[in-house]
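The values are calculated or read from the model by the stated rules, or taken from the named source; none is laboratory data. This structure is a prediction, so every number in the text was calculated from the model and none was measured. Glycine gets a Cβ as well: all are built from the backbone with ideal geometry, and neighbour counts include every protein chain shown.
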Amino acid sequence: SFSVFWSFLDYSLYGTQFIIFSWATIERHILIFHDRCLLNRKRRFLIHYLPLIILIVYSSIYYCIIIFAPFCPYIFYRLPAYGVPFPCIYYYVNIIAIWELVCHQIIPIFIIILFSLSLLIRVLWKKSRLHRSIQWRKQRKMTIQLLSVSILYITFSAPGVFLNISYEFGVSRAVGITFMSYAYFFSYYIVFLFPFVCLGTLPELKKKLEKLFWYQRQGRRIAPDALFRTRIPRH
């Protein structure tokens with residue numbers, strides 16, 4: 001049914017982009033500090049393309065199985081974030097629920113936090129050695145971009161993840177149930193705000209967009225004037 005397909009799109013796309021970005025925080029260390037490893041075509045495939053292919057294929061297969069395979073009734077959460085069917089297998093197979101929590105939420109958020117902080121430390125340490133050279137300017141742009149997106153993920157994903165961890169350690173689910181519903185709701189803001197964060201850290205793209213809109217406005221102003229001039233009779 002459409003609701004099941006909707007559930008697949010919601011969980012698979014959100015989960016996949018979360019996992020891929022956690023890998024991106026690791027790969028950014030390679031791009032900044034070991035960029036020579038990517039000069040070779042074979043190494044570039046192994047380091048950059050192969051992990052992305054594996055993560056996308058794994059995520060697609062995993063969510064196909066947990067959403068389309070189980071023969072159990074779907075449960076609808078009546079929370080501000082939802083209307084999307086909750087995969088029923090999480091209720092009937094506890095190990096799948098734990099796997100989802102650990103591998104798709106806890107590990108990615110800790111990878112993002114750990115590698116973002118370590119990147120900041122490494123860049124600041126290297127900055128003191130490079131003394132603002134041309135190489136440092138290039139690294140600074142990449143670092144600012146990653147840290148900005150990392151803050152976005154941590155701000156909107158970490159609260160719900162940490163509350164889920166507390167539930168696994170015995171905290172009653174009655175605690176923070178309202179907070180959890182809003183944590184899930186605001187986690188979707190990552191998708192909406194991601195393009196704006198990227199735009200703010202890419203001044204070249206921002207200038208191109210401004211130039212594009214400026215030309216469009218100029219075109220609208222010039223066109224009526226040109227049309228008016230063509231209608232003026234010559235004496």
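Do we have any residue at all in region 138-159 that's at pLDDT 80 or above, of a type in the set (Lys, Arg) and either surrounded by fewer than 18 Cβ atoms within 10 Å (Cβ to Cβ) or in contact with a Gly (Cβ under 8 Å, 6 or more places away or on another chain) (or both)?
For region 138-159, residues at pLDDT 80 or above, of a type in the set (Lys, Arg) and either surrounded by fewer than 18 Cβ atoms within 10 Å (Cβ to Cβ) or in contact with a Gly (Cβ under 8 Å, 6 or more places away or on another chain) (or both): absent.
State which residue is modelled with the lowest pLDDT when the search covers only region 20-44 and only residues that are of a type in the set (S, T, N, Q) and part of a helix (DSSP H, G or I). It would help to see each step written out before you state the result.
Start the filter on region 20-44 by keeping residues that are of a type in the set (S, T, N, Q), which leaves 22, 25, 40.
Applying the additional criterion that residues be part of a helix (DSSP H, G or I) yields 22, 25.
Working: SER22: 91, THR25: 88.
Once the filter is applied, the top-ranked residue is THR25.
Within the set of pairs 6+ apart or on separate chains, which have a first residue in region 48-77 that is closer than 24 Å to ASP35 by Cα, a second that is modelled with pLDDT of 80 or more and in a helix (DSSP H, G or I), and C-beta atoms under 6 Å apart?
Once the first residue is closer than 24 Å to ASP35 by Cα and sits in region 48-77, its partners that are modelled with pLDDT of 80 or more and in a helix (DSSP H, G or I) give PRO51/TRP23; LEU55/ILE19; LEU55/ILE20.
Among the residues of region 1-56, write down those that are closer than 26 Å to CYS72 by Cα, exposed (fewer than 13 other Cβ atoms within 10 Å of the Cβ) and among the hydroxyl-bearing types (Ser, Thr, Tyr).
Within region 1-56, SER1, SER3 meet the criteria.
From the list ILE95, ILE113, ILE109, ILE89, exactly one residue is aliphatic (A, V, I, L, M), at pLDDT 85 or above and more than 20 Å from LEU55 (Cα to Cα). Which is it? Spell out how you get there, then give the answer.
Working: ILE113 fails: more than 20 Å from LEU55 (Cα to Cα); ILE109 fails: more than 20 Å from LEU55 (Cα to Cα); ILE89 fails: at pLDDT 85 or above.
Every option except ILE95 fails the conditions.
So the check is Cβ under 6 Å with 6+ separation or different chains; which pairs have a first residue in region 7-20 that's more than 18 Å from TRP99 (Cβ to Cβ) and a second one that's modelled with pLDDT under 90?
The qualifying pairs are ASP10/VAL84.
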